[in-house]
1. So the check is Cβ under 7 Å with 6+ separation or different chains; which pairs have a first residue in segment 118-131 that's within 28 Å of LEU93 (Cα to Cα) and hydrophobic (A, V, I, L, M, F, W, C) and a second one that's modelled with pLDDT of 80 or more and open to solvent by 30 Å² or more (accessible area, probe 1.4 Å)?
2. Considering only residues that are within 16 Å of ALA112 (Cα to Cα) and touching a Gly at 6+ places or on another chain (Cβ under 8 Å), which ones fall in segment 53-101?
3. Please enumerate the residues belonging to segment 20-39 that are crowded, with 17+ Cβ neighbours inside 10 Å and in a loop (DSSP other than H, G, I, E, B).
4. Report, ordered by the first and then the second residue, all pairs with beta carbons closer than 8 Å, sequence separation of six or more or different chains, a first member in segment 221-238 that is assigned to a helix (DSSP H, G or I), and a second member that is open to solvent by less than 50 Å² (accessible area, probe 1.4 Å).
5. Quick check on segment 12-19. Is at least one of its residues surrounded by 13 or more Cβ atoms within 10 Å (Cβ to Cβ), modelled with pLDDT of 95 or more and not aliphatic (A, V, I, L, M)?
6. Would you mind stating whether HIS193 is modelled with pLDDT of 90 or more, open to solvent by 20 Å² or more (accessible area, probe 1.4 Å) and in contact with a Phe, Trp or Tyr (Cβ under 6 Å, 6 or more places away or on another chain)?
7. Could you pull out every one of the helices (runs of 4 or more DSSP H) wholly within segment 40-132 that has 3 or more residues that are over 13 Å from the mean Cα position of the chain (by Cα) and surrounded by fewer than 19 Cβ atoms within 10 Å (Cβ to Cβ)?
8. Pull out all pairs, ordered by first then second residue, where Cβ-Cβ is under 8 Å, the residues are six or more apart or on different chains, the first lies in segment 181-197 and is touching a residue at least 40 places away in the same chain (Cβ under 8 Å), and the second is among the aromatic types (Phe, Trp, Tyr) and open to solvent by 60 Å² or more (accessible area, probe 1.4 Å).
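The values are calculated or read from the model by the stated rules, or taken from the named source; none is laboratory data. The model shown is predicted, which means the values in this text are computed figures rather than measured ones. Because the Cβ atoms are built from the backbone with ideal geometry, glycine has one as well, and the counts that use them run over all protein chains shown. Surface areas here come from the heavy atoms of the whole protein model, side chains and all, with no ligands, DNA or RNA. Shrake-Rupley method; radii C 1.70, N 1.55, O 1.52, S 1.80 Å.
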Amino acid sequence: LQNGNNADGILLRSSPKTRPINFIPDVNPKEAMETFKAVFTDYLSCRPSDRYFLASLIPNTLFIKFTEDIGLTKLTGGTGTGKSKAAAMSSALIYGEEYVNASTAAADFSSAAMNPLIILDNLETKSLNKGKKEFLLVSATGGGREKRKTGTDSETVNEKSNAQIIVTAIEPFEDQEMNKRTSEIILSRQYRHPKYPGPSEVLSKIRAERDLIWSAFFKIAAHNVLPDFNKKRKAALQFICSKFPD
């Protein structure tokens with residue numbers, strides 16, 4: 001779409017990290033979801049229920065602006081349990097590349113305003129400085145920060161986090177405010193796929209099927225999620241509030 005020239009006159013802001021997706025109009029969602037499970041979900045070395053939670057984070061990037069409280073996802077486990085590999089798999093499917101890099105808090109804020117996924121790899125307690133902690137708490141609550149606009153002394157810009165955050169670490173968070181906003185997934189060798197082909201092969205499979213999987217996500221969103229969305233969202237929130245009041 002040309003920026004601003006769509007029917008609703010909406011100015012679109014692109015994610016500089018995301019590679020193009022070639023939409024497949026006649027995609028079969030059921031077959032595509034079976035492929036998604038085979039190349040992504042089955043290779044996550046955690047409990048089946050947690051695999052589906054991590055899998056749900058991928059299409060949820062389409063709906064990140066429909067909620068205020070985003071929360072954090074933390075992949076925890078010993079060395080060699082597949083924490084960074086799971087994060088890389090998520091990045092490969094969303095972006096088409098593996099963005100599992102070290103970064104500053106300032107870079108994280110700027111990136112989270114434009115990109116749907118931020119991965120903080122090996123973020124142990126000793127490296128959790130004030131800036132990183134502020135970024136995690138602000139992102140978890142769907143907030144942002146105001147900063148001075150480059151090249152001016154008076155104008156400011158607001159960097160609002162529109163990203164899901166995945167953290168990998170061996171140690172648990174020590175801060176209770178962080179723990180309350182974190183879904184912790186335990187990874188273990190006992191859950192590893194018996195025929196795991198290795199990280200390079202898995203990432204290659206994900207990239208090869210990326211167009212198919214996202215085409216299915218778009219079709220599901222258009223036909224099954226967005227119609228009567230507000231009604232469905234209200235019912236879901238009422239269920240959560242009654243079933244899990246705390």
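1. Taking only residues 6 or more apart or on different chains, the pairs are ILE119/TYR99; ILE119/VAL100.
2. THR67, GLU68, ASP69, ILE70 - these are the residues of segment 53-101 that are within 16 Å of ALA112 (Cα to Cα) and touching a Gly at 6+ places or on another chain (Cβ under 8 Å).
3. VAL27
4. Between residues of segment 221-238 that are assigned to a helix (DSSP H, G or I) and residues that are open to solvent by less than 50 Å² (accessible area, probe 1.4 Å), the close pairs are ALA221/PRO59; ALA221/PHE63; VAL225/PHE63; LYS232/VAL225.
5. no
6. Details: modelled with pLDDT of 90 or more: yes; open to solvent by 20 Å² or more (accessible area, probe 1.4 Å): yes; in contact with a Phe, Trp or Tyr (Cβ under 6 Å, 6 or more places away or on another chain): yes.
The answer is yes for HIS193.
7. 48-60, 105-112
8. SER183/PHE53; ILE185/PHE53
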